[in-house]
1. Given 37 °C and 0.692 mPa s, how large is the Stokes-Einstein diffusion coefficient of the stretch 285-329 in µm²/s, with Rh as the Kirkwood radius over Cα pairs?
2. What is the stretch 83-199 by shape, rounded, prolate or oblate, if you read a ≥ b ≥ c off the alpha carbon gyration tensor as root eigenvalues and call it rounded for a/c under 1.5, prolate for a/b larger than b/c, and oblate otherwise?
3. Compare the Cα positions of Met306, Ala53, Val101 along the charge dipole of the chain (+1 at Cβ of Lys, Arg; -1 at Cβ of Asp, Glu; about the Cα centre) and return the one farthest towards the positive end.
4. Within the stretch 230-258, find all residues whose amide N lies under 17 Å from a label point positioned 7 Å from the Cα of Leu15 along Cα-to-beta-carbon.
5. If you place +1 on the Cβ of every Lys and Arg and -1 on the Cβ of every Asp and Glu, how big does the dipole about the Cα centre of the chain come out, in debye to the nearest 20?
6. Taking R0 as 22 Å, what FRET efficiency do you get between Leu82 and Thr33 from their Cβ-Cβ distance, rounded to the nearest 0.05?
7. Taking the Cα centre of the stretch 197-343 as origin and charging only Cβ (+1 Lys, Arg; -1 Asp, Glu), how large is the dipole, in debye to the nearest 20?
8. Would you work out which of Phe201, Tyr215, Ser287 lies farthest towards the positive end of the dipole of the chain? Charges go on Cβ: Lys and Arg +1, Asp and Glu -1.
Amino acid sequence: MRIRALAIRIIRQFLRDKRTLAMMLVAPLLILTMLHLVFNGENYLSKVGFVNAPDAAINKLDLKDVKMTEYESEKIAEKAALDHSIDGYIVFEGPMVDKIVLEGSDPSVNGAFMKWFQQAAKQLMPSQGSPEWNAEYLHGSEDMGQFDYFGPVLLGFFAFFFVFIISGISFLRERTSGTLEKLLSSPLRKWEIVVGYILGFGLFTLLQATLIAWYAIYILGMLMEGSFIYVLLITLMLSMTALTLGTLLSAFANNEFQMIQFIPIIIVPQFFFSGLINLETISDWLSWLGPITPLYYAAEALRDIMVRGYGWDAIYGNLLMLAGFSALFMLLNILALRKHRAV
């Protein structure tokens with residue numbers, strides 16, 4: 001009887017907590033659906049540029065598995081590669097291939113390009129068999145590994161994840177302990193409370209961002225072509241976005257467990273659409289989610305610095321987007337305080 005009574009109490013508790021019940025039943029289905037659409041997308045088609053390619057050579061090639069673009073000069077093709085319009089280009093000298101140039105920052109894309117070219121070379125020059133071709137790289141090298149490419153994404157993800165969880169739970173405790181109610185009863189304005197909390201948590205966010213970036217680059221040996229200061233700046237801006245989002249969502253949680261429930265909705269999608277998986281292969285139903293997530297912009301900025309060695313001109317747009325997310329979440333934080341008490 002006592003066991004049955006305990007079981008009935010637990011069941012009733014779950015039935016009363018509609019959010020927990022929904023997360024248990026609905027969230028796994030949403031994530032599985034997302035995984036299905038992500039991994040069952042289209043196959044990646046290499047984007048190949050041809051420079052001074054004779055028509056006779058192009059007519060020999062099987063182009064059904066690539067996206068082909070012709071260029072009048074190598075300079076134009078190189079700019080297209082740097083803009084990610086193409087993965088690389090092939091320069092012809094008369095009817096023969098002179099050299100191959102790859103953009104180089106994604107090893108999997110490089111591999112797909114070279115695999116296609118090895119097959120194409122057999123069609124262009126059947127008498128030469130299967131010679132080894134050495135490609136030139138605008139970024140990276142043939143020794144670049146997957147961890148070098150995914151490293152910036154993982155660096156941004158862990159910074160975002162831990163700041164989001166810690167800030168959300170900490171702000172939740174401020175509210176459940178009654179501290180926030182006391183502050184709302186004081187002469188402090190709502191925006192002053194929000195900014196004060198952001199600055200307070202922000203000090204430790206800066207420390208965490210610095211530690212994560214330093215450890216990943218200088219201890220784990222993650223590829224680093226640009227300036228560490230820019231990496232630190234990007235990580236800090238992303239952490240501030242996670243901080244403001246975490247404090248915002250904590251207003252809609254009644255305990256730590258409910259705060260954790262936001263992970264499948266907020267964290268998991270960003271992991272998929274931050275560039276860890278090529279967005280060109282993801283189903284159109286989901287690919288639009290990438291540009292509305294903060295990690296999408298942070299990961300691209302980190303890759304521009306760490307993998308491609310770019311500077312401020314390449315990342316300031318992404319930093320503005322992160323700053324915009326932070327400002328939006330701060331504004332919503334101020335509005336969310338009205339839920340607790342009107343001053």
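The values are calculated or read from the model by the stated rules, or taken from the named source; none is laboratory data. All of these numbers come straight from a predicted model, not from anything done at the bench. So basically every Cβ, Gly included, is an ideal-geometry build from the backbone, and we count neighbours across all protein chains shown. Side chains included, ligands, DNA and RNA excluded: accessible areas come from the protein's heavy atoms. Shrake-Rupley method; radii C 1.70, N 1.55, O 1.52, S 1.80 Å.
1. On the way: Rh = 11.1 Å.
For these conditions, the coefficient is 297 µm²/s.
2. Numbers: a/c = 6.42, a/b = 4.32, b/c = 1.49.
Taking the square roots of the gyration eigenvalues as a ≥ b ≥ c, the stretch 83-199 is prolate.
3. Met306
4. none
5. On the way: 26 positive and 30 negative charges, 609 e Å.
Value, rounded to 20: 2920 debye.
6. Details: r = 36 Å, r/R0 = 1.65.
With a Förster radius of 22 Å, E is 0.05.
7. In debye, rounded to 20, the stretch 197-343 gives about 560.
8. Looking along the dipole axis, the top candidate is Phe201.
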